[in-house]
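Engineer: Let me give you the structure first, and then I'll get to my questions.
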Amino acid sequence: MLTKYAPLALGLGIALGVFSIPAAGQNGSSVVAEIAGHKVSADELEEKEAGKLLQAKYKYYLAERDALDQYIDDQLLEMQAKKEGVTLDELFKRHISANVPEPTEDQLRFYYEGVQTDEPYEAARPHIVDTVHQLRTKKARDAYIAELRGEYAVVVELNQPSAHVEVGDAPRLGSESAPVQIIEFADYECPYCQQVNADLTRLREQFGNSVSVTYKDFPLPMHPLAARAAEAARCAGAQGKFWEFHDSLFETKRLQVSDLKEQARKLKLDTARFDQCLDSGEQAAAVKKDSKEGQRLGLQGTPSFFINGHFMSGAIGFMKLRDTVMQELGAVTTAKKQGATLVSPKDASK
């Protein structure tokens, strides 16, 4: 069955319209309060209280994006059904159900072996068949929706909440004038950060000079090796090998002090200088400075990203990163066509 969420989406749109009519203030920012004649703007509030507001806005954005995606999908299916002169159920059977292969007996037994259950295979088999069928149906539906989105030229313009991030002298790959600036707060002991590092490499390979990546340290309290690893990467950076060391940490996941020093030797660093830097805590203050910036922003985990200032967090896969970069590039292109004066990504992330 194809569930319709149009009333929900329309209601959400009305609600957004109600809450998006601000009182005009100085510099175009809405006024949210006045203290002894001083008008407090929304921009001022967001900058001073980012830690309290960013996560709440991001949760609302995720709910809003989910509702928007469902609304878009339902509209596309209805439009395509009308185009083909069939019902939604007939469209589903023609383009989705027809592309869902039945699992073989070998596949079912392989799935059964991976399930922790005391049920014998014959008793569990019907449930396994249903589960596999549901998974394959969802995959076929997602593929068909993606095809329709391309055919109907869907463009999503809903942006993640944004925040002002201090870049400072943080390590950067790519140009500071690249149209898309990605700032990542990460932790070398975080498994999600380890996974996403390969996605960021792939992203830069695909978009080239259009994307730059800036790395900021945010070692989490539950990861006892992360802070020292961050210091080690900065010690390597003092010898011009930050990114090589950074990538090695995420690839090898070896973060004990002895491993850090061994990696310095493999990269042919001046080991005496590296060891002195690491043992003395020379880079500890720089790591703490990044952490305080993350705390000011209200970050609660890693990886956390600011893409042209727009916030996103969690176990983000390559496709989500890619879609966000393409959305940002599209905004830049549109603004140029309209002859608009853009704020550079460098200025936006200061």
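Engineer: Give the span of segment 54-94's Cα atoms along each principal axis, as three whole-Å numbers ordered largest to smallest.
Structural biologist: The Cα atoms of segment 54-94 stretch 46, 16, 9 Å along their principal axes.
Engineer: Moving to a separate point now. Based on the mean of other Cβ atoms within 10 Å per residue, sort peptides 330-337, 180-187, 111-118 so the most packed one is first.
Structural biologist: 180-187, 330-337, 111-118
Engineer: Now, a different point. Just need the relative contact order of the chain here, percent rounded to a whole number, with Cα pairs under 8 Å and 6+ apart.
Structural biologist: 20
Engineer: Under DSSP H, which helices of the chain have Cα atoms covering 30 Å or more of the helix axis and a Kyte-Doolittle average no less than 1.6?
Structural biologist: Going by DSSP H runs, there are no hits.
Engineer: Oh, and also: Under the Kirkwood approximation applied to all pairs of distinct alpha-carbon atoms, what is the hydrodynamic radius of the chain in Å?
Structural biologist: 23.9
Engineer: While we're on this one: In what sequence, highest mean first, do 42-49, 83-90, 30-37 appear when ranked by Cβ atoms within 10 angstrom?
Structural biologist: Final packing ranking: 42-49, 83-90, 30-37.
Engineer: If you roll a 1.4 Å probe over the heavy atoms of the protein chains, what accessible area per residue do you get for the chain, in Å²?
Structural biologist: Numbers: 19970 Å² over 350 residues.
Ligands and nucleic acids excluded, the result is 57 Å² per residue.
Engineer: Any idea how far apart residue 117 and residue 332 come out in nm if each label point goes 7 Å out from Cα toward Cβ?
Structural biologist: Result: 5.1 nm between the two label points.
Engineer: Same structure, new question: Given the Cα-Cα distance of residue 315 and residue 49 and 0.36 nm per residue of separation, how much length would full extension add, in nm?
Structural biologist: Stretched out fully, the residue 315 to residue 49 stretch lengthens by 93.2 nm.
Engineer: At a Förster radius of 51 Å, what calculated FRET efficiency corresponds to the Cβ-Cβ distance of residue 177 and residue 99, to the nearest 0.05?
Structural biologist: 0.70
Engineer: Would you list which aspartates and glutamates come within 19 Å of residue 266, measuring only between C-alpha atoms, while excluding same-chain residues fewer than 8 positions from it?
Structural biologist: 231, 244, 247, 251, 275, 279
Engineer: Oh, and also: Please go through the residue pairs 57/83; 52/253; 48/288; 52/139 and name each one whose alpha carbons sit more than 31 Å apart in this structure.
Structural biologist: 57/83; 52/253; 52/139
Engineer: In whole percent, and with a 1.4 Å probe on the protein chains, what portion of the accessible area of the chain is carbon and sulfur?
Structural biologist: C and S fraction of accessible area: 53 percent.
Engineer: Run the numbers on segment 45-133 and let me know its relative contact order in percent, using alpha-carbon pairs under 8 Å that are six or more apart.
Structural biologist: In percent, rounded to a whole number, it is 19.
Engineer: Working out 0.36 nm times the residue gap between residue 63 and residue 133, then minus their Cα-Cα distance, what length gain in nm do you get to one decimal?
Structural biologist: Net length gain for the segment: 22.5 nm.
Engineer: Which of 132, 287, 257 ends up with the largest GNM mean-square fluctuation for the chain, with Cα atoms connected below 10 Å?
Structural biologist: Between 132, 287, 257, it is 132 that shows the largest mean-square fluctuation.
Engineer: Going through segment 246-283, which trypsin sites (Lys or Arg not before Pro) have at most 14 other Cβ atoms within 10 Å and a DSSP loop state?
Structural biologist: Answer in residue order: 253, 254, 268.
Engineer: A further question follows. What whole-number volume per residue, in cubic angstrom, does the convex hull of the C-alpha atoms of segment 189-345 give?
Structural biologist: Once divided by residue count, the hull of segment 189-345 is 125 Å³.
Engineer: Name the residue, out of 53, 329, 108, whose mean-square fluctuation peaks in a Gaussian network model built on the chain with Cα pairs under 10 Å.
Structural biologist: Taking springs between Cα atoms under 10 Å, the residue moving most is 108.
Engineer: Sticking with this one: Quick one: what does P(r) look like for segment 94-221 with 10 Å bins over all Cα pairs, in whole %?
Structural biologist: The percentages, shortest bin first, are 10, 21, 22, 23, 19, 5, 0.
Engineer: Could I ask something else about it? Considering only 56, 198, 153, give the residue with the highest GNM mean-square fluctuation for the chain, with springs between Cα atoms whenever their separation is below 10 Å.
Structural biologist: In this elastic network of the chain, the residue with the biggest mean-square fluctuation among 56, 198, 153 is 153.
Engineer: Now a separate question. Need one number: nm distance between label points at residue 82 and residue 39, each 7 Å from Cα along Cα→Cβ, rounded to one decimal.
Structural biologist: Calculated label separation equals 4.4 nm.
Engineer: Which pairs break 28 Å Cα to Cα here: 216/261; 292/336; 59/82?
Structural biologist: In this structure, 292/336; 59/82 lie more than 28 Å apart at Cα.
Engineer: Additional query: For residue 337, go through the aspartates and glutamates and keep the ones whose alpha-carbon is under 18 Å away, minus same-chain ones fewer than eight residues off.
Structural biologist: 157, 328
The values are calculated or read from the model by the stated rules, or taken from the named source; none is laboratory data. Note that this is a predicted model, so its numbers are computed, not measured. Cβ sites come from the backbone with ideal geometry, for glycine too, and all protein chains shown count toward neighbours. Just so you know, the surface numbers come from the protein's heavy atoms only, side chains and all, with ligands and any DNA or RNA stripped out. Shrake-Rupley method; radii C 1.70, N 1.55, O 1.52, S 1.80 Å.
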